[in-house]
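J.: Have a look at this one.
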Amino acid sequence: MLRDPYAHYAHLRENHPVFWHDGMKSWVLTRYEDCRNVLRNHEVFARDRRRTGEEIPEFRQSLQTLDPPAQAPLRSLIMNAFHAQDLEQVGSRARHRVGEILRELAERDSFDWMREVAAPLALSITADLLGVPEPDPEDYVRISEAIAERMDAGLKPGNIARGDEARTRLNALAEEWFAAADDRPGVLRDIKQRAAKAEMPPHYVSNSTGMMFNASYGTVYATAGNVMLTLLQHPDALERLRDERLLTSGVNELIRYDGPAQGTSRVATRAVRIHDTTVEPGQIVLTLMAAANRDPREFPDPDRLVLDRTPNRHLGFGWGTHACVGALFGQVAIRELIVCLLTAPGRLRPAGTPTRRPTATVRSLDVLPVAFDR
């Protein structure tokens, strides 16, 4: 499953599109239409589990634990702060940073793409966008890894304590950033200046800041690895992306083809039928978005990389009221990475066996050895 889950997803889509997973105590959906319908129906399928009686501790309360209408003021605050940023300038600075890294690495016999390119790119572009100082790289990697593992708590309950500790440390970082936000341009300063109008409890705003930082870092990091491996496996694709007309659609297709977000869950607020299955109130429904993104009912020839695929309504950034607020930013980051690859000192090739992180919710490489052709 870590190496290639897509054949398994195809089997589930065709034979068990709605099935009960005993370990996670969840209904699992694998077809595109079913997943999208659940994600956009927040009245029946809640993200905020307090709507079905579950307690959510304060340190985990954020934009992602609210549903409309309570979510609206905070989501609007954050979206407006994102829209106020000059993403082209953020992307330009990221392009310069990655270009420098690749020129330095060109002198090496080989290097680990994840540790030496994906991680610094993800950390610097996220800190730049939010307007915060870059955290210590090694310390932040540990925080991010623990939070990613916490998402798999349904499969590995032992991940909960470490993940919650990491979330608490991230919230503390966010509070420090908030205290100094007036001094640096970025999303955080704009949020702080407008926060009073949202009339949200302060911990929701600061916790959401930490959530945004980690979501951005983790998404850019994992996507940069998955995209690089896909391009290594499809050597003609990078050359085709020299056509600027393919950049936007190509980035979207790369995310559809092998994106980091494998699934997300909702809880039923009332009894509802999905095909012939009755989901009872309080039961969890897991939408396997990565399986949906290969559904031939929505994507013709889904296992083929089609750089000009149109339309491409993939679920790589979610859907509905909880869709990723930084989706456009994520696309800019990957676009700039591809531009850097097109102008790099040489063509990259595999230099060893890639290994994946043992996480189910987030599909990410751990090590990707590469080298420049000489």
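Throughout, read-outs are computed from the coordinates displayed, never taken from laboratory work. Treat the numbers as computed from the prediction; the structure is a model and nothing was measured. Don't worry about glycine lacking a Cβ; one is built from the backbone with ideal geometry, like all the others, and counts go over all protein chains shown.
J.: Top mean-square fluctuation among Ala360, Ala72, Ala181, Gaussian network model of the chain, C-alpha springs under 10 Å?
T.: Ala72
J.: Which order do peptides 127-133, 293-299, 307-313, 47-53 fall in by mean Cβ count within 10 Å, highest first?
T.: Top of the packing list down: 127-133, 293-299, 47-53, 307-313.
J.: Sticking with this one: Which of the helices in the chain meet the span-like rule: DSSP H, Cα axial reach of 18 Å or more, Kyte-Doolittle mean at least 1.6?
T.: Helices passing the filter in the chain: 327-342.
J.: Label points 7 Å out from Cα along the Cβ direction at Arg245 and Arg51: separation in nm?
T.: If labels sit at Arg245 and Arg51, their model points lie 4.4 nm apart.
J.: Let me know the charge dipole size of segment 247-374 about its Cα centre in debye, to the nearest 20, where only the beta-carbon of Lys, Arg (+1) and Asp, Glu (-1) is charged.
T.: Dipole size: approximately 140 debye.
J.: Once the dipole of the chain is set up with Lys and Arg at +1 and Asp and Glu at -1 on Cβ about the Cα centre, which of Val38, Gly352, His275 lies farthest towards its positive end?
T.: Most positive-ward Cα: His275.
J.: Quote the charge dipole size of the chain about the Cα centre in Debye, to the nearest 20; the model charges only the Cβ of Lys and Arg (+1) and of Asp and Glu (-1).
T.: Working: 48 positive and 51 negative charges, 135 e Å.
Its charge dipole is roughly 640 debye.
J.: Hey, if you put +1 on the Cβ of every Lys and Arg and -1 on every Asp and Glu Cβ in the chain, which of Phe111, Ser364, Asn312 ends up farthest toward the positive end of that dipole?
T.: Asn312
J.: Would you mind calculating the gained length between Asp303 and Asn41 on full extension (0.36 nm times residue separation, minus the Cα-Cα distance), in nm to one decimal?
T.: Values: separation 262, 0.36 × 262 = 94.32 nm, distance 2.82 nm.
Full extension of this stretch gives 91.5 nm more.
J.: Further question: Give me the distance in nm between label points sitting 7 Å out from Cα along the Cα-to-Cβ direction at Val367 and Ala180, one decimal.
T.: Distance between the two pseudo-spin positions: 3.5 nm.
J.: Taking the Cα centroid of segment 330-374 and of segment 284-312, what is the distance between the two, rounded to the nearest whole Å?
T.: Each part reduced to its Cα centre gives a spacing of 22 Å.
J.: Within segment 123-150, what residues put their amide N at less than 20 Å from the label point 7 Å along the Cα-to-Cβ vector of Ala172?
T.: Residues 132-150 fall inside that zone.
J.: Counting only DSSP beta bridges with both residues in the chain, what percent are antiparallel, rounded to the nearest 5?
T.: Percentage antiparallel, nearest 5: 80.
J.: For labels at Asp109 and His203 in the simple 7 Å Cα→Cβ model, what's the distance in nm?
T.: Label-label distance for Asp109 and His203, simple model: 5.4 nm.
J.: Roughly speaking, what % of Cα-Cα pairs in the chain are separated by over 36 Å, rounded to a whole number? Numbers along the way, then the final one.
T.: Values: 14144 of 69751 pairs.
Considering the chain, 20 percent of its Cα-Cα pairs are separated by more than 36 Å.
J.: For segment 1-151, what is the per residue volume of the convex hull drawn over the alpha-carbon atoms, in cubic angstrom? Before the final figure, lay out the partial values.
T.: On the way: hull volume 29.2 nm³, N = 151.
Measuring per residue, one finds 194 Å³ for the Cα hull of segment 1-151.
J.: Between Thr355 and Ala271, what FRET efficiency follows from the Cβ-Cβ distance if R0 is 30 Å, with the result rounded to 0.05?
T.: Given R0 = 30 Å and the Cβ-Cβ separation, E is 0.10.
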